[in-house]
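These notes concern the structure reproduced below.
The values are calculated or read from the model by the stated rules, or taken from the named source; none is laboratory data. Not measured: the values here are computed from a predicted model. No Cβ is skipped: glycine too gets one built from the backbone with ideal geometry, and neighbour counts run over all protein chains shown. These area figures cover heavy atoms from the full protein model, side chains too; ligands, DNA and RNA do not enter into them. Shrake-Rupley method; radii C 1.70, N 1.55, O 1.52, S 1.80 Å.
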Amino acid sequence: MKKIISLVLCLTLVLSAVSAQALTRDFGMIKITELMASNGDTLDDSKGKSCDWIELHNTSEDDIDMSGLNLSDGKKNLAKFVFPEGVVLAKGAYMVIFCSDYEEVATLDDGTVEIHVPFKLSADGEKVVISYQDVILDIVTFDQQQRDVSYALKDDGTWAFCDTPTPGAENKFE
Ligand SMILES: [Ca+2]
Ligand SMILES: [Ca+2]
């Protein structure tokens with residue numbers, strides 16, 4: 001009995017050490033929530049360019065270490081972009097990824113991280129896929145897009161065009 005109690009105690013200590021860290025790699029909790037494949041004047045990057053963009057959302061209660069997660073615009077090459085070490089998406093937070101056709105992870109003057117990935121989104125329609133080690137975790141397929149109208153996830157789990165884009169924030173439909 002003593003052995004079992006000490007084992008339980010050990011396990012509790014290990015578990016509390018893990019939860020104290022509160023930085024997981026639970027990639028299944030990261031969702032694609034919005035995208036814009038024809039960005040006119042909705043959002044500029046730090047260089048003043050209006051690239052296509054993708055929004056990701058951490059739906060979990062823990063900060064997620066994004067390193068190793070793949071992002072792509074199709075299933076053929078899942079790892080067009082691989083998140084590097086040091087990129088964390090805070091619990092409940094949204095992240096905007098610029099699809100600029102070049103790769104760059106830059107820390108801006110205000111401390112935020114701006115990510116550019118080496119592909120663009122086609123306004124004629126394609127896919128956005130996040131994956132880890134060849135396992136697709138979330139995927140959205142979109143058709144023809146209109147300028148400055150986003151394609152966004154609704155509360156009921158369906159996707160719809162959105163006249164009130166919210167890059168980096170909770171989606172809003174009017
Ligand atoms: Ca593309
Ligand atoms: Ca949004």
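Data table
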| item | result |
| --- | --- |
| Residue check, Ala93 aliphatic (A, V, I, L, M), more than 16 Å from Asp26 (Cα to Cα), in contact with a strand residue (DSSP E or B) (Cβ under 6 Å, 6 or more places away or on another chain) and away from ligand 1 (no atom under 13 Å from the Cβ) | no |
| Single match in Asp155, Asp101, Asp134 (criterion: within 16 Å of ligand 2 (Cβ to nearest atom) and either free of Cβ contacts under 8 Å to residues at least 40 places away in the same chain or open to solvent by 40 Å² or more (accessible area, probe 1.4 Å) (or both)) | Asp155 |
| Tally, over region 64-98, of residues that are closer than 22 Å to Ser122 by Cα, in contact with a Phe, Trp or Tyr (Cβ under 6 Å, 6 or more places away or on another chain) and either among the hydroxyl-bearing types (Ser, Thr, Tyr) or open to solvent by 40 Å² or more (accessible area, probe 1.4 Å) (or both) | 1 |
| Residue count for region 138-158, restricted to those that are touching a strand residue (DSSP E or B) at 6+ places or on another chain (Cβ under 7 Å) and within 13 Å of Lys127 (Cα to Cα) | 7 |
| Residue satisfying all of: in region 104-131; within 13 Å of ligand 1 (Cβ to nearest atom) and over 16 Å from the mean Cα position of the chain (by Cα); surrounded by the fewest Cβ atoms within 10 Å (Cβ to Cβ) among these | Asp124 |
